[in-house]
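Only one structure is covered here, and it is reproduced in the block below.
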Amino acid sequence: MGNNQKIYSVSQLFDLKQADIQLKTRDWLIMSRLLLEPDRMLINGKEQIFDSSYLEQIIDEFGMKEDYWIQLKNEEEEMTVHLLGDTIFEKSILKEKNFYYWETVYLDYLKSRLIEHGFFAYIRSYEEYLYHNTSELSKRRSFEVAEETSALPKMRGLNGDVVVDCNAFPGYDVFYKGVCLTACWWLFLGAPYKKLFAKQLLLEIQQVEEVAELGSGVFFELYKDPFQWKEEANLRFQQLFRDQLGISQLSYTNGVGLLKQPYIEFAFEDTVIQTVQYQNDQFQPTKKSDASYFVTRTYNFLTNQYRVNRMKGGLNALAYFPWIDDDSERMMNYHILYPELTLDKGLAAFEYYIRDSIEFEIQDMRYKEYTAVLQLFIPKKAFLDFPLEELKSALKDITIHQVSRKNDSLTFSLEKEAKHLIVSFIDQKKVSSKNQLDILEI
């Protein structure tokens, strides 16, 4: 990537009235003229010479049912606003020098908007955004050589082409339940995010430069300089932020997940969110298998009832098998996987989830005699080219018994160091009509 660095800013305002829409759009026009000195504009995709009087006339007519795009440009920068109903989306690409010159003014402008109507916002190096969010191999040629791309993890896109697996990057933007989840230099999460995260959880995020309330949301600054994102320490901070929010547990696009231990886990039931955060002896975030402290939070985002408890201890059976049937003395966990998006037919994912379910010590003795069951739901077509022999080879240190294969299922029993596990690969269609507690009966 070149030295002509730019800043990339995105924001979303919501729950606007007609007067708000007109006022916020006028303010955007003033800020855009201040930052850009634009010479061109695009209105719903049609380019023309910049004309502020014409834009002001358009803004005066804005109502509550608009779907309207305005973009102001000069040779190297642009600012865009999209009105959609009671929502305003903004996007800006600014030169580094220009951003630093106006940084205080721009941040005041953005924060004042977010305090009143903030849904989401981030500011980051445009170079960092492109590196972490460009999956197509040909498009990455604009900022890295082929040898660098070849060393990156790969997956299959929805059309079957080989692409870079951006899930492995700390700044990858994903979406879950209608909200964007990511990690970058400056980030704001507004009131709608309370359906995923209790505000106190966000305010207690560790190892960031700054975290504070802003209006009804929370903003974070992960490190000091957005253009120093390549520094090893800053990449660690970015990844740790992502791990603490459990983004890779909530949403991924590679069909199988990130295949690493979580720092936090979630359970959702109606309006209640339950989380377990894993910490070490210094109360710092750590991966699940290394945890010695457990912070449990229960939050009802409708009533704002909130409870938190930290306890010292070890992992129990429920940490690996959330569904336990005492009558049949069985404990179960399951994952829904899409191996067709991988390049190895899902082999690495299958091995990871199997080892994760058998290579741990159960501390609570009453579950020692329970039968452990891991169910992996895959599309029926995946059975046509299932990598059974490759999986056996990958699990060569584990004894495999009683392989039973049918058109829409594959089951076998595993044994390692006196621990037993039944693994079942099952057609995904069989889980569609089941709830989590019924799955044990499949």
**Fill in**
Selection from segment 146-155 of residues assigned to a loop (DSSP other than H, G, I, E, B), among the aliphatic types (A, V, I, L, M) and in contact with a helix residue (DSSP H, G or I) (Cβ under 8 Å, 6 or more places away or on another chain) yields Leu152
**Options Gln238, Gln274: the member that is open to solvent by 40 Å² or more (accessible area, probe 1.4 Å), at pLDDT 95 or above, more than 12 Å from the chain's Cα centre (by Cα) and of a type in the set (S, T, N, Q)** = Gln274
**Asked** Ser289: surrounded by 16 or more Cβ atoms within 10 Å (Cβ to Cβ), among the polar types (S, T, N, Q) and either closer than 30 Å to Leu343 by Cβ or out of contact with any Asp or Glu (no Cβ under 6 Å at 6 or more places or on another chain) (or both), yes or no?
**Response** no
**Item:** Among residues of segment 121-151, those that are hydrophobic (A, V, I, L, M, F, W, C) and closer than 20 Å to Ser251 by Cβ, counted
**Value:** 1
**Asked** Would you say Lys91 is out of contact with any His (no Cβ under 7 Å at 6 or more places or on another chain), open to solvent by less than 80 Å² (accessible area, probe 1.4 Å), outside any helix (DSSP H, G or I) and of a type in the set (Lys, Arg)?
**Response** yes
**Message:** Phe143 - would you say it is more than 27 Å from Phe14 (Cα to Cα) and assigned to a helix (DSSP H, G or I)?
**Reply:** no
**Request:** Could you tell me whether segment 116-139 includes any residue that is in a loop (DSSP other than H, G, I, E, B), at pLDDT 95 or above and not charged (D, E, K, R)?
**Result:** yes
**Message:** Give me the residue from segment 354-381 that is assigned to a helix (DSSP H, G or I) and open to solvent by 20 Å² or more (accessible area, probe 1.4 Å) and, out of that set, nearest to Ile324 (Cα to Cα).
**Reply:** Arg366
**Message:** For segment 21-46, which positions are crowded, with 16+ Cβ neighbours inside 10 Å and under 21 Å from Phe188 (Cβ atoms)?
**Reply:** Ile21, Lys24, Thr25, Trp28, Met31, Ser32, Leu35
**Complete:** Residues in segment 244-265 that are in a strand (DSSP E or B) and either modelled with pLDDT under 95 or among the aliphatic types (A, V, I, L, M) (or both) total 1
**Any hit, segment 197-205, residues being of a type in the set (Val, Ile, Thr) and open to solvent by less than 50 Å² (accessible area, probe 1.4 Å)** = yes
**Message:** Criterion first (of a type in the set (Gly, Ala, Ser), more than 28 Å from Leu214 (Cα to Cα) and either assigned to a loop (DSSP other than H, G, I, E, B) or without any contact (Cβ under 8 Å) to a residue 24 or more places away in the chain (or both)) does Ser112 satisfy it?
**Reply:** no
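The values are calculated or read from the model by the stated rules, or taken from the named source; none is laboratory data. Small disclaimer: the values here were computed from a predicted structure and weren't measured. Ideal geometry is used to build each Cβ from the backbone, glycine not excepted, and the neighbour counts take in all protein chains shown. Please note that ligands, DNA and RNA were not included when accessible areas were found on the heavy atoms of the full protein model with its side chains. Shrake-Rupley method; radii C 1.70, N 1.55, O 1.52, S 1.80 Å.
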